[in-house]
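The values are calculated or read from the model by the stated rules, or taken from the named source; none is laboratory data. Computed from a predicted model, the values in this text were never measured in an experiment. Please note: Cβ atoms are built from the backbone with ideal geometry, for glycine as well, and neighbour counts cover all protein chains shown. For accessibility, only protein heavy atoms count, side chains too; no ligands or nucleic acids. Shrake-Rupley method; radii C 1.70, N 1.55, O 1.52, S 1.80 Å.
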Amino acid sequence: MTSPFADPSFARGLLLDAQEAGVARFVVAAIIADGERVLLLRRPADDFMPGLWELPSGKVEPGEDFDQALLRETEEETGLTIDRITAYLGQFDYTSSSGALTRQLTFGVTVEKTAPITLTEHDDHIWADRAQLPGVSDAVRELITH
């Protein structure tokens, strides 16, 4: 499989579409699979949307490319190293805790190895069966199951 970033117009298209929609900031997320299971992280009780299970994800910093942010955020949140970005799986918009319209761009990835998981921002992780996902948002459920 070829990374969606192999096509230079891919990222430009995402940016133009977001500008038209009034998106103020981007988050990138990784679907990391181990067979039929996917890695989910739980938000801590004192965080925005406490207890929600989510994909490894994080904010794209100013001047940072989407693929660079995806590699950095995945490693920061899980300790895992992405070896390939295999597919663009979709997006959804939400209002962040600061009130900014945020777009999450989600990608399928492969990692060098699936363990150990080292958490820095979350209080737990699971390898969840795609058919029996715990408390994830409807948007994340849709991305994982389709």
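At a glance:
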item	result
Full-stretch length increase - Glu64, Asp17 - with 0.36 nm per residue and alpha-carbon distance subtracted	15.1 nm
Computed [θ] at 222 nm, helices only, for the chain once each DSSP H run of length n ≥ 4 contributes -39500 (n - 2.57)	-7500 deg cm²/dmol
Extension gain, Glu36 back to Thr95 (0.36 nm per residue minus Cα-Cα distance, nm)	18.2 nm
Model label zone, Trp127; criterion: amide N under 12 Å from point 7 Å along Cα-to-beta-carbon; scope segment 1-36	33-36
Label-point separation in nm, Glu75 to Glu112, each point 7 Å along Cα→Cβ	0.8 nm
Dipole magnitude (debye, nearest 20) for the chain, charges at Cβ of Lys, Arg, Asp, Glu	220 debye
Rounded to 5, percent antiparallel among DSSP beta bridges of the chain	75 percent
Amide H partners (placed H, <5 Å) of Ala87, local residues excluded	Gly108
Accessible solvent surface per residue of the chain, calculated while the other protein chains remain in place, 1.4 angstrom probe, Å²	52 Å²
Positive-end residue of Ile32, Leu80, Phe10, charge dipole of the chain with Cβ unit charges	Phe10
Accessible surface of the chain [probe 1.4 Å, protein heavy atoms]: carbon and sulfur percent	50 percent
Estimated dipole of segment 1-67 in Debye, rounded to 20 [Cβ of Lys and Arg +1, of Asp and Glu -1, Cα centre]	160 debye
Prolate/oblate/rounded label for segment 28-72 (Cα gyration tensor, a/c 1.5)	oblate
Added length on full extension, which subtracts the Cα-Cα distance from 0.36 nm per residue, Ser137 to Ser9	43.1 nm
Label of the coordinate-derived value, Cα extents along the principal axes in Å, listed as [x] 36, 35, 27; [y] 42, 33, 32; [z] 41, 37, 33	[x]
